[in-house]
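Below is one structure, written out as structure tokens; comments come after it.
Any read-out appearing in this document is the output of simple, stated calculations on the displayed coordinates, not a laboratory observation. Keep in mind that what you see is a predicted model, and the values were worked out from it rather than measured. For neighbour counting, all protein chains shown are included, and Cβ atoms are generated from backbone atoms with ideal geometry for every residue, glycine included.
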Amino acid sequence: MGIALTLQQYLDDRHVDYDTLVHGFSDSAMKNAEATHVPGDRMVKAVVLKDEAGYLMAILPATRHIDFPTLKYALDRDVEMVDEEDLMALFKDCDVGAVPPLGEAYGLRSIVEDMLPADGELYLEAGDHKTVVHLKAEAFDQLLADAPHDRFSFVE
């Protein structure tokens, strides 16, 4: 499948320079990092959540996990993870579990973990389990400039 059409159009419409890397099947952001020989803190993942206002995407490095009490404090409301049915409905051009970490491309609000590197290279899930998008951290940060940023994760 390669890069999801929605993601590709979103990046192209915003004139973002990027390329894609193809690797063997992997089912997590950390496995994507291993398969592409990229440091885990440079692989960006998305966790899709919901609350009373709708859906929300938490964007964080693959090496980190959401601290839900801290996220609740940052958002001033409770959130919970969505199920696979919700993911399939929201990300129709993506494989389940291969969500690109750019919520705005799919009409979702986002919150960004402050621990994401602000310079250098970043790698993102592209919409399937065999492709990642490679771009500059500065470009990624510009795409998420309007999203709130906070610290809401931990390393296991």
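So the values come out like this:
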{"item": "Rounded to 5, percent antiparallel among DSSP beta bridges of the chain", "result": "75 percent"}
{"item": "The range 116-156 versus the range 45-112: alpha-carbon centroid distance in Å", "result": "13 Å"}
{"item": "Top of A89, A74, A33 by mean-square fluctuation, Gaussian network on the chain, Cα under 10 Å", "result": "A89"}
{"item": "Candidates per chymotrypsin sites (Phe, Trp or Tyr not before Pro) in the range 1-34, loop by DSSP, up to 15 other Cβ within 10 Å", "result": "F25"}
{"item": "Radius of gyration and Dmax over the Cα atoms of the chain, both given in Å", "result": "14.2, 40"}
{"item": "Of P117, P61, P101, the one that fluctuates the most in a GNM where the chain has Cα springs shorter than 10 Å", "result": "P117"}
{"item": "Net +/- balance of residues flanking P39 in space, Cβ distance below 13 Å, scoring K and R +1, D and E -1", "result": "-1"}
{"item": "222 nm mean residue ellipticity, helices alone, for the chain (DSSP H n ≥ 4; -39,500 (n - 2.57); rounded to 500)", "result": "-6500 deg cm²/dmol"}
{"item": "Cβ-based exposure ranking for S26, S110, in which fewest neighbours within 10 Å come first", "result": "S26, S110"}
{"item": "Local net charge near R77, Cβ-Cβ under 10 Å (Lys/Arg +1, Asp/Glu -1)", "result": "-3"}
